[in-house]
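Structure first, then comments.
None of the figures in this text is laboratory data; all of them are computed from the coordinates on show. Keep in mind that what you see is a predicted model, and the values were worked out from it rather than measured. Because the Cβ atoms are built from the backbone with ideal geometry, glycine has one as well, and the counts that use them run over all protein chains shown.
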Amino acid sequence: MRLRSLLFVPADRPDRFAKAAGSGADAIILDLEDSVHPHAKDAAAREVAAFLSQSASGVLRLVRINPLDSGRLDADLAAARRADGIVLPKAEGAASIRQLVAQLGSEGPPVLPIATETPAAIFSLGSYSEVADHLLGISWGAEDLPAAIGAATAREGDGRYTPPYEMVRGLALFGAHAAGVAALDTVYPALADQDGLERYAARAARDGFTGMLALHPAQVPVINAAFTPTPDQLDEARAVIAAFAAEPGAGVLRHKGRMLDAPHLKQAQRLLARAGA
C-alpha cells in the first residue's frame, strides 16, 4: 500500500469528492472535523456515509472524525463504517487508539492519528508501537499545538518551523518509525507556492517521511513526485544489493569508490520496498 499523498476534502462538499478521488492521490481524507462548521456536521456525516456506500475507485477513502471527547464519536463512526481508515485528531498516544478501537471493534478499519495537536500528545509519541497493529500510519500537525499553548506561530518569517515545532516534527517522525508504520508529514498551507511545496516535500522525503498530507488537488502531483524514487535511485539501490549479494561474507565493501556497510544495504532494501520493486 502506497501512502505518498493524502488529500483532505471537506465532508460538507460532496461536489468535490469525485474530483479528489480522481486527483492521483493515494488516499483522500473526508474531513468531518476542522473544515466543517458545527451546524453542518450532521449533514456532512450523511454525505460521507452516502459516498462510502458507493464502490471505491482505487483510491483509499479515509474519514477524519471529530476528537474522542467531542460528543460526536458514535455519529462519526456510523458514517465512516465503510471507510478504509479513520483519521483521529487530538490523539494522545496508545491510550487514544485503544479507546477508539474499543468503539470500532477488532475488525474495524486502521487508524491514522494526528499525533501532536495537544501538549500531552508530545509525551506519548513513543507509545504508538504498543498499538502498531491498529495503525495505518502517524502524522502530525503544526496548527493546533501552538494555539493550545498560546504561541503566536509555529513558523519563522521564511516559513521554517521554529525550534519547538521542528522538535515535534522530528519526534513524530521517529515515533512512526519506532512503530513500524508510515511516517506522514503535515500539510504545506501556502497553496499558491508550488516551488515552496516542492522544497518542503523533498526535505520531508530526505528526512525519512514516507508521505505527506495535502490540502488541494494541485499539490498532489508535486507530493507524489517527491516520494516516488527515481529510476536512477532504484538502479543504485539494486546495485548496492547486488554488491552485497556478490560478497555474502562481507560486512563492509567498496562500491563505486565509497565504503558500504549494513545500514547502506538496509537503506537500499527499504527504498525498493517503498517503490514496490
Fill in: Pair residue 166, residue 78: separation of 7 Å Cα→Cβ label points (nm)
4.8
Item to complete: With only Lys, Arg, Asp and Glu charged, each at its Cβ (+1 for the first two, -1 for the last two), find how big the charge dipole of the chain is about the Cα centre; round to the nearest 20 debye.
Response: 640
Discussion item. Cut-off 10 angstrom, C-alpha nodes, Gaussian network model of the chain. Which of 144, 26, 261 fluctuates the most?
Written reply: 261
Item to complete: Quick one: net charge around residue 79, please, counting Lys, Arg +1 and Asp, Glu -1 for every other residue with C-beta under 11 Å from its C-beta.
Response: +1
Response to the item:
Scoring the chain by relative contact order with C-alpha pairs under 8 Å, at least six apart, yields a percentage of 15
Worksheet item: Between residue 95 and residue 202, what length in nm is gained on full extension when 0.36 nm per residue of separation is reduced by their alpha carbon distance?
Response: 35.2 nm
Discussion item. What does the charge count around residue 70 come to, taking other residues whose C-beta lies under 10 Å from its C-beta (Lys +1, Arg +1, Asp -1, Glu -1)?
Written reply: 0
Discussion item. Using only DSSP helix segments of four residues or longer, with each worth -39500 (n - 2.57), what per-residue ellipticity at 222 nm results for the chain after dividing by its residue count and rounding to 500?
Written reply: -12000 deg cm²/dmol
Discussion item. Which residues does the label zone of residue 133 cover in segment 67-104, counting backbone N under 20 Å from a point 7 Å along Cα→Cβ?
Written reply: 85-86, 93-104
Worksheet item: Using the beta-carbon distance between residue 39 and residue 261 and R0 = 41 Å, what value does 1/(1 + (r/R0)^6) give for FRET efficiency, to the nearest 0.05?
Response: 0.10
Item to complete: Calculate the spin-label point distance for residue 239 paired with residue 143, positioning each point 7 Å from the Cα along the beta-carbon direction, and give it in nanometres.
Response: 4.4
Practice prompt. Starting from the Cα of residue 256, draw a straight line to each of the lysines and keep only those under 24 Å, dropping any in the same chain fewer than 8 residues away.
Written response: 266
Worksheet item: Listing 155, 169, 254 from the residue with the fewest other Cβ atoms within 10 Å to the one with the most, what is the order?
Response: 254, 155, 169
Fill in: Burial ranking of peptide ranges 179-189, 34-44 (average Cβ count within 10 Å, highest at the top)
179-189, 34-44
Worksheet entry | Most mobile listed residue (223, 241, 29) in the chain, GNM with C-alpha springs under 10 Å | 241
Worksheet item: Computed FRET efficiency, Cβ-Cβ of residue 151 and residue 270, R0 41 Å: what is it to the nearest 0.05?
Response: 0.70
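Grab the Cα-Cα distance for residue 69 and residue 192, subtract it from 0.36 nm times how many residues apart they are, and report the gain in nm with one decimal. Could the numbers behind the result be given before it?
On the way: separation 123, 0.36 × 123 = 44.28 nm, distance 3.49 nm.
This chain segment gains 40.8 nm when fully extended.
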Practice prompt. Would you be so kind as to identify all helices of the chain, as entire DSSP H runs, whose Cα atoms reach 20 Å or more along the helix's own axis and whose mean Kyte-Doolittle hydropathy is at least -1.0?
Written response: 163-179, 231-246
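Could you order peptides 63-76, 112-125 by the average number of other Cβ atoms within 10 Å of their residues, highest first?
112-125, 63-76
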Worksheet entry | Gyration tensor (alpha-carbon) shape descriptor, segment 1-40, a/c threshold 1.5 | oblate
Worksheet item: What is the extension gain from residue 252 to residue 106, computed as 0.36 nm multiplied by their sequence separation minus the C-alpha to C-alpha distance, in nm to one decimal?
Response: 48.1 nm
Fill in: Within-15-Å neighbourhood charge of residue 34 [Cβ basis; K, R +1; D, E -1]
-2
